[in-house]
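Below you'll find the structure, written out as structure tokens, and then a few comments.
The values are calculated or read from the model by the stated rules, or taken from the named source; none is laboratory data. In this text the structure is predicted, and so the values were computed from the model without any measurement. Using ideal geometry, Cβ is built from the backbone for each residue, glycine included, and neighbour counts are taken over all protein chains shown. Ligands, DNA and RNA are excluded from the accessible area calculation, which covers all protein heavy atoms including side chains. Shrake-Rupley method; radii C 1.70, N 1.55, O 1.52, S 1.80 Å.
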Amino acid sequence: MNYNNTLSWMFSQLPMYQRQGNTAFKKDLTNSLALSKHLNFPEKKFKTIHVAGTNGKGSTSHMLASILQEAGYKVGLYTSPHLKDFRERIKINGTVIRKIDVINFIKKNTEFLTTHQLSFFEMTVSLAFECFAKQQVDIAIIEVGLGGRLDSTNIITPEVSVITNIGLDHTQFLGETLPEIAFEKAGIIKPAVPVVIGEFQEVVFPVFEKIALEKNAPLFLASKNYKANYLSDLKGSYQQHNIKTVVKTIEVLKEKGFRILEENIQQGLLNVKNNTGLLGRWQLLNTSPKVICDTGHNKEGLGYVLTQLQNEEFETLHFVFGVVNDKDLKGVLPMFPKNATYYFCKPDIPRGLDAEKLQLQCTSFGLKGKKYSSVQVAYKEALKKASDNDLIFIGGSTFVVAEVV
């Protein structure tokens, strides 16, 4: 098995949420626990921080990793999905794992993985834990894939749990209301383990309070008593929420004996991209015309992005737009600017929504534009039409952004 063959096996034989959607979702930790036992419990061999939330958990995870790297720790970072290369999901001090690590893990465990019908996500999480244990990381930041309570990552006992915020996303799995979704995310709260809540939301905070109290877990609200003003190389205005969450989490770690200086926090936040290789967060791709992409893809995430777009100066806004087929478009399209020119496209995954269907739905909300055969074709057409004083924005889905970064 070479690297590409190994990935093909992982992607095709077993369900993968980002490509297929809800058929890949498993409401059970049995497989994750069985594989952990088979691998001799690698996740017990290093310290962890567990990060959940509807929006911001990826940026928050990368910021935490960057600060801890600046403080001199050897840091594992597990996030999802990837944009370009599968190995982006598993990094140590900002460097992706080797191709041979992926090949050897699958080769060594093929029989077990096949017999137990492990999902793509279950085996990927276990691969991350195995790599972090073998490389003897000091601490690993583990980002939840979907939800929390039943997510494959939820077999760890972290130093601190982090929940950034709660929004209506993946409602077909996590519940139709914010409190229901909060309950699923609060599933990462462990007995006597501190938990940091990023944003105060009146309708869900009591859910966190109740579960934290039941589990005797100290509860911290990041947005309370926050005075510091930090800068970051992650430029979206929405990152201010994530910075507050990160700074409070670092405070909790310091109380637990981690040595992290103020300078480490400042430098860590200023060098997130350089330290961790994070892509696709309000990322500048071109300057003339200005081209920006962002992976925001649900109502709250897109809301932040669209607000930020209003603060940009341009003559005409060109919007390269594609989504996945389970997106609640009726809930998000009313927020979109009607004075933009849209370039409708389908991200190149099975879950991608057909460009013609997207165009049809958008037209009913007064969003005008043409459909294109691919993200790249749409982007090239936008570049051709835009003047130097225009702005091109590319987004709507992580998988649209993956095709341009």
(request) Relative to the longest principal axis of the C-alpha atoms of the chain, give the angle of the C-alpha long axis of helix 205-214, reported between 0 and 90° and rounded to the nearest 10°. (result) 10
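Ratio of alpha-carbon Rg to the 2.2 N^0.38 Å globular estimate for the chain, to two decimals, please.
On the way: Rg = 20.8 Å, N = 405, 2.2 N^0.38 = 21.5 Å.
This ratio for the chain stands at 0.96.
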(request) Give the calculated FRET efficiency between residue 370 and residue 240 to the nearest 0.05, with a Förster radius of 45 Å applied to their Cβ-Cβ distance. (result) 0.80
(request) Return one whole number: the accessible area per residue of the chain in Å², for a 1.4 Å probe. (result) 42
(request) Roll a 1.4 angstrom probe over the protein heavy atoms and tell me the percent of accessible area of the chain that is carbon or sulfur. (result) 49
(request) Give the long-range amide H neighbours of residue 316: residues separated by 5 or more places, or on another chain, with amide H under 5 Å away, using H modelled in the peptide plane at 1.01 Å from N. (result) 390, 391
(request) Using only Cα atoms, tell me the angle between helix 375-385 and the longest principal axis of the chain; keep it within 0 to 90° and round to the nearest 10. (result) 40
(message) Just want the answer: with Cβ charges of +1 for Lys and Arg and -1 for Asp and Glu, which residue in 61, 374, 12 is farthest toward the dipole's positive end in the chain?
(response) 12
(request) Determine, for each peptide in 279-287, 292-300, the mean count of other beta carbons within 10 angstrom over its residues, then list the peptides with the highest first. (result) 292-300, 279-287
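Just order 208-217, 128-137, 97-106 by mean Cβ neighbour count inside 10 Å, highest at the front, would you?
Numbers: 208-217: 15.3, 128-137: 21.1, 97-106: 17.4.
Ranking the peptides 208-217, 128-137, 97-106 by packing returns 128-137, 97-106, 208-217.
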(request) Sort out for me the Cα centre separation of segment 298-369 from segment 57-136, rounded to whole Å. (result) 32
(request) Determine the alpha carbon to alpha carbon distance for each of 99/380; 84/385; 45/107; 57/248; 290/370 and list only those over 25 Å. (result) 99/380; 84/385
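Just from its helices, what would the mean residue ellipticity at 222 nm be for the chain, if runs of 4 or more DSSP H residues each count -39500 (n - 2.57) and the sum is divided by every residue, rounded to the nearest 500 deg cm²/dmol?
Working: 17 runs with 163 residues, N = 405.
Value at 222 nm, helices only: -11500 deg cm²/dmol.
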(request) Could you state the angle between the C-alpha long axis of helix 120-134 and the longest principal axis of the C-alpha atoms of the chain, as a value from 0 to 90 degrees rounded to the nearest 10? (result) 50
